[in-house]
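The values are calculated or read from the model by the stated rules, or taken from the named source; none is laboratory data. Bear in mind that the values here come from a model prediction, so they are computed numbers and not experimental data. Positions of Cβ are backbone-derived with ideal geometry, glycine not excepted, and every protein chain shown enters the neighbour counts.
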């Protein structure tokens, strides 16, 4: 009888916990990376297109120290993160810094997403990156 009660307590504990953001669910985040290419002083747009083979990163939850996974965009600039649990996520790609505000050559262009339901598929706005 003790083993049965102990087993039930363990099962209830496991099923009553909210799982944190991350892999293991049925949710999907999809999007595209769009490139705007400018001349050397960023005064004139030369080209714009969906960017192939660009790295896109994902952060689970409120973590700000590191990314958790990354994918490369397809030929049409699309990316997808699958099998996510409900929760908060941030996806980002790096862009050239046209204003040099940060003092660094690139900065992260971020999109925040909250997945609420299981089996939810979210299409985020285009991540627009710059280059010259």
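Taking the criterion of being surrounded by fewer than 16 Cβ atoms within 10 Å (Cβ to Cβ), touching a strand residue (DSSP E or B) at 6+ places or on another chain (Cβ under 6 Å) and assigned to a loop (DSSP other than H, G, I, E, B), the residues of region 40-66 that qualify are 53, 61. Keeping to region 91-104, report how many residues are surrounded by fewer than 11 Cβ atoms within 10 Å (Cβ to Cβ) and farther than 19 Å from residue 45 by Cα. Qualifying residue count, region 91-104: 4. Here the condition is being at positive phi and either modelled with pLDDT under 85 or touching a helix residue (DSSP H, G or I) at 6+ places or on another chain (Cβ under 6 Å) (or both); of 87, 22, 77, 61, it holds for 22 alone.
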